[in-house]
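The values are calculated or read from the model by the stated rules, or taken from the named source; none is laboratory data. On a predicted model such as this, the values are computed, not experimentally measured, just so you know. Reconstructed Cβ throughout: ideal geometry from the backbone, glycine too, with neighbour counts over all protein chains shown.
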Amino acid sequence: DADRALLEADGALGDESTDGAARPVVAIIGRPNVGKSTLVNRVLGRREAVVEDVPGVTRDRVAYDAEWSGRDFTLVDTGGWEVDASGIHLRVAEQAEVAIELADAVLFVVDAKVGATDTDEAVVKLLRRSKKPVVLVANKVDDQKTELEAATLWSLGLGQPWPISALHGRGTGDALDALLDVLPEKSAVSAYGRGGPRRVALVGRPNVGKSSLLNKLAGEDRVVVDNVAGTTRDPVDELIELGGKTWRFVDTAGIRRRVHLTRGADFYASLRTQAAIEKAEVAVVLIDAEDSIAEQDVRVVQQVVDAGRALVLAFNKWDLLDEERRHYLEREIERDLGQVAWAPRANISAVTGRHVDRLVPGLEVALDSWDQRVPTGRLNSFLGEVVAGHPHPVRGGKQPRILFATQASTRPPRFVVFASGFIEAGYRRFLERRLREQFGFEGSPIELSVRVRE
Ligand code: GDP
Ligand code: GDP
């Protein structure tokens, strides 16, 4: 129809076929300082990954939506692994293992100027064992001279080393083409497509009770064993029946299996969390209600919202709360989680089982909102009333008018509003608020973008 054509022409429509899942995952791995983040920026065509001259930075953002030659994929940057002087070898390998496990294909970056190190050899072993497709890139080949050095990397036994300069862009196109050749169309690690059990991520900072809750939900007390990285291949997801329906809890291996990294543990946790959220349709963020709400809790919540997934908040360890703590908790929630006041909430105890059954209605409400589509006619008549009752303030003698709006996608709901002039952020938030009041969207983030029409 006409709205749709207009939006498509405007590039406003998200590609719904990629909503919520399915795009293949590429992990960039390699030792610190070989140029992984620089390569990420090169692929993205913009500066998002932090490039540091000093190895050892930790970052939160690790997964990016990338596109090359018209194909979409998720790029996981492991450039932020935290390492220290001792035992780098072991940790790079451990961390690489996680990244490999979570990927459909791997870009393995080696510094051509340094050549293959013992650490690189250790990573090669992991790559072989994983049987995942690998594209070996020899980075820092800034000129023809260095190309010979790149050729020595044939010795790694991973096939052709692609000489590139992530910094200058030399050769990166060919290497990325080679990557697309081996990258599956659909992700085996993150894609379940639509249909099938709905996918839930259980996330939260360490010790909030994720594995306890998982055990409670699965109805059995499984022992969580500490595995040495690389010894076991756990199933990544678990199917659990709750409230008469089957749910797919994604990446439960990440909850059940604990890899202890002395440093870099935060980053590891952050990567796991990000990966689980990407795979899921809805996330339950577990928060330790006995403890003050921490920055890390807020960050996990934000990760869910940024990823556009539905959200349920579960305050755990309720059995440990006294009157006073309950009082303070409510204040903390208002202060720190006010931006997600729309999320369904359950106060639970993973240990006693208190109110654990309230999670399912929360999940259902959140997913319904996430899937919800408001017909264009209803949306516009509603916005018409809202705007008539509360017009945009006049600025510089002009008053931008709302021309019309449409919902460009679901999962999560995204709205595009066409206006005759610049719409202030405050007014946009007002419209968002009214949309929520009118149409619900409990448990789902919504997006509202504005296009200015002359
Ligand atoms: P990471 O730790 O693997 O993510 O590495 P970074 O991307 O942070 O890069 C480490 C350093 O190598 C930075 O100073 C980069 O500017 C530099 N670097 C990255 N790629 C290239 C390249 O192709 N050529 C040269 N000469 N330097 C590079
Ligand atoms: P995870 O790191 O998020 O998987 O957290 P765990 O499930 O390992 O729990 C961390 C600690 O909190 C363990 O000692 C649990 O027994 C305890 N715990 C988890 N949930 C509850 C709860 O609801 N009540 C109480 N009292 N303790 C809990």
For GLY353, only one of the following conditions fails: (1) of a type in the set (Gly, Ala, Ser); (2) closer than 22 Å to GLY219 by Cα; (3) crowded, with 20+ Cβ neighbours inside 10 Å. What is its number?
(3)
When LYS186 is evaluated against the numbered criteria (1) within 18 Å of the chain's Cα centre (by Cα); (2) surrounded by fewer than 16 Cβ atoms within 10 Å (Cβ to Cβ); (3) modelled with pLDDT of 90 or more, which criterion, by number, is the only one it fails?
(3)
Restricting the search to the stretch 224-254, which residues are at pLDDT below 80 and not charged (D, E, K, R)?
VAL224, VAL225, ASN227, VAL228, ALA229, GLY230, THR231, THR232, PRO235, VAL236, ALA253, GLY254
Considering residues that are basic (Lys, Arg) and free of Cβ contacts under 8 Å to residues at least 12 places away in the same chain, the number found within the stretch 277-298 is 0
Close pairs from the stretch 239-257: first under 16 Å from GLN274 (Cβ atoms), partner aliphatic (A, V, I, L, M) and part of a loop (DSSP other than H, G, I, E, B), Cβ under 7 Å, at least 6 apart:
VAL250/ALA280; ASP251/VAL236; ALA253/VAL236
Given the condition closer than 22 Å to SER349 by Cα, β-branched (Val, Ile, Thr), within 16 Å of ligand 2 (Cβ to nearest atom) and at pLDDT below 80, answer yes or no: does some residue in the stretch 207-223 qualify?
yes
If you go through the stretch 121-141, how many residues are at pLDDT 90 or above and crowded, with 16+ Cβ neighbours inside 10 Å?
12
Answer with yes or no whether ALA178 is of a type outside the set (Val, Ile, Thr), crowded, with 18+ Cβ neighbours inside 10 Å, touching a residue at least 12 places away in the same chain (Cβ under 8 Å) and away from ligand 1 (no atom under 12 Å from the Cβ).
yes
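Please list, ordered by residue number, the helices (runs of 4 or more DSSP H) wholly in the stretch 356-454 having 2 or more residues that are under 18 Å from ARG199 (Cα atoms).
Values: elements: 359-371, 376-389, 425-439.
By residue number, 359-371.
Can you tell me how many residues within the stretch 333-355 are within 13 Å of ligand 2 (Cβ to nearest atom) and in a helix (DSSP H, G or I)? Talk me through it step by step, then tell me what you get.
Quick first cut of the stretch 333-355, residues within 13 Å of ligand 2 (Cβ to nearest atom) only: 346-355.
Restricting the remaining residues to those that are in a helix (DSSP H, G or I) gives none.
Residues meeting the conditions: 0.
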Of ARG325, ARG373, ARG358, the only residue that is more than 16 Å from ligand 2 (Cβ to nearest atom) and either over 20 Å from VAL301 (Cα atoms) or of a type in the set (D, E, K, R) (or both) is ARG373
Residue check, GLY443 against (1) small (Gly, Ala, Ser); (2) more than 24 Å from the chain's Cα centre (by Cα); (3) modelled with pLDDT of 90 or more, all met but one. Which one?
(2)
Could you check, for the stretch 29-49, whether at least one of its residues is modelled with pLDDT under 85, within 14 Å of ligand 1 (Cβ to nearest atom), part of a loop (DSSP other than H, G, I, E, B) and within 18 Å of the chain's Cα centre (by Cα)?
yes
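Answer yes if at least one residue in the stretch 333-354 is within 14 Å of the chain's Cα centre (by Cα) and in contact (Cβ under 8 Å) with a residue 12 or more places away in the chain, and no otherwise. Explain how you work it out, then say what you get.
The first filter runs over the stretch 333-354 and keeps only residues within 14 Å of the chain's Cα centre (by Cα), leaving none.
No: zero hits.
Please tell me if VAL106 is crowded, with 20+ Cβ neighbours inside 10 Å and closer than 30 Å to GLY362 by Cα. Lay out the reasoning, then the answer.
Numbers: crowded, with 20+ Cβ neighbours inside 10 Å: yes; closer than 30 Å to GLY362 by Cα: no.
For VAL106, the condition - crowded, with 20+ Cβ neighbours inside 10 Å and closer than 30 Å to GLY362 by Cα - is not met.
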Test result for VAL109, β-branched (Val, Ile, Thr), closer than 19 Å to PRO32 by Cα and more than 14 Å from ligand 1 (Cβ to nearest atom)
no
